[in-house]
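Shown next, in structure tokens, is the structure this report addresses.
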Amino acid sequence: MGMLALKRLMSKQQRERQHRRHKVQGRNKSITSRSKATKDGRRLRDPLPNLPEEIWYHIHSLMPMEDSARTACVSRTFLRSWRHHPYLILSNRTLGLKQNASGKGDVWAFTTKIDQILKNHSAAGVKTLELDVFECRDLNACYLSDWLQIAITPKIESLTLELPSKYEEEYNFPCSLLFGGNGNLIRHLHLTYCAFRPKVGIGCLRSLTKLHLSHVHISEEDMLQMIDSKAPNLSTFDFTGDNLVQFSLESLQVKNLGMACLKEINFLNYSITKLPYMVPNLETLTLSSYNEMVNTPTIAARFHHLNYLEIYLDACLFPEYDFLSLGSFLDASPVLETFILSFDPVLEDFGDASNMRQLPKHKYESLKDVMIYGFCSAKSMVELTCHILENAISLESITLDTVNDWEDEEDLGRCSVAPARKSGECCYLDSVSILEANKGLMAIQKYIAAKVPSTVQLDVRGPCSRCHSLEPSRYEVKC
């Protein structure tokens, strides 16, 4: 509920009180005024409707945190309601603090405001705390422990902690606060850049359904890390780190998995050969690989329940990487409905179209939506796209975008053709990337467009005419 809805509620309550007052006066009955007497004997009406505090607490819990905080200066009633607001999202942005020229915020102002807010909420407790101190690189770690000590109570249900990168090994998350009974209701735990070493595992967090660990240092030794989770209701697990982790999950419950290993070689190879056995009931899978040196193998195992697959590939692939081998993921996913491939394009000539390979026929009966961001003119990329078009018998739409626009979080397209985007908001592309994007458009037009069935919606996107323009003579290519 926003400020407008709150004002409407107050206005309605005031009109009802005035109507009752006039009705009583007409009957010559006494009126008990709730207003306060001033020095000259006049009485002022209470501007707020006379509602139980529990109702005000509920109203404020439905308001955005910033609006609830602003109303605290209106009256004592609103101040008390603000101190019972159960959802706190604390960052430089929500606190209205700006960075200086060096990119650093005012650490003193930041810590002072958070101290005050958390201490004022300590009596009521909070259900959700999102604490983003990523930009406060000079923050003393002792503040973090004090804030978590206040916030982590038996009422906490969701905790997000985002720290500067230097804290990955320097700051030990106080696991004992969660495992001493305060974590019985916690459903969502999101930790970024800290050491996380629970001595008793996280199986005691029986309400935990979502676990997100990003650049979390788990082992004290520089070796393969291990995550052991027997949380019985865990359904979503996201991990981002430099190296591969071994994880032991209550695998039958996990439905959503996201993994990104920045320094791991051949991560896709590991994923397709191991995950079908480790987490057999996956429904959504997101994989990010930054160093694939071998092609994706064909396997006999299946992702029997997977309906959403997203793969991100960095440009650090060996030159002969075969995009067509990604068809192995499609073969292993009989009920897959959505496939997304994101890639930072590489400059490569397509070659002779007469030598295009074809994989054995494998009907993808459930596949409906395909999106390839960073589509390039690599021959194996074209072969993969044609393979999908020939075998996805239920396909409804396919998007081929020759620009992997990481700035376009809502997937609107280039600012030159998308009214919802402001001019100049497209991602930066150097001249080589613009050249490859235009070559990708030519490959789509020459080898793919004619193979798209009439029942399938084809969405082709290229460089932005405003943000990615080059002189025509600089990107003329022979196809």
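The values are calculated or read from the model by the stated rules, or taken from the named source; none is laboratory data. Please read all numbers here as calculations on a predicted model, not as lab measurements. So basically every Cβ, Gly included, is an ideal-geometry build from the backbone, and we count neighbours across all protein chains shown. Side chains are part of the model used for accessible areas, which takes the heavy atoms of the whole protein and leaves out ligands, DNA and RNA. Shrake-Rupley method; radii C 1.70, N 1.55, O 1.52, S 1.80 Å.
Pairs K210/K368; K274/K363; K127/K210: which exceed 18 Å Cα-Cα?
Pairs exceeding the cut-off: K210/K368; K274/K363.
Per residue, how much accessible surface does the stretch 93-178 expose to a 1.4 Å probe? Answer in Å², no decimals.
Result: 50 Å² of accessible area for each residue.
Select from the stretch 267-310 those GluC sites (Glu not before Pro) which occupy a DSSP coil region and have at most 13 other Cβ atoms within 10 Å, ordered by residue number.
none
Suppose R0 equals 30 Å. What FRET efficiency, 1/(1 + (r/R0)^6) with r the Cβ-Cβ distance, do T112 and H190 give to the nearest 0.05?
0.75
Within the stretch 350-403, report the trypsin sites (Lys or Arg not before Pro) that DSSP leaves as loop and that have at most 10 other Cβ atoms within 10 Å.
K361
For the stretch 126-136, what does the Karplus curve 6.51 cos²θ - 1.76 cosθ + 1.60, with θ = phi - 60°, yield as ³J(HN,Hα) per residue in whole Hz, taken in order and with x for Gly and Pro?
Whole-Hz 3J(HN,Hα) from phi for the stretch 126-136: 10, 8, 10, 10, 10, 10, 10, 10, 4, 7, 8.
Around F179, under 12 Å between beta carbons, what's the net of Lys plus Arg minus Asp minus Glu among the other residues?
Summing Lys/Arg as +1 and Asp/Glu as -1 gives +3.
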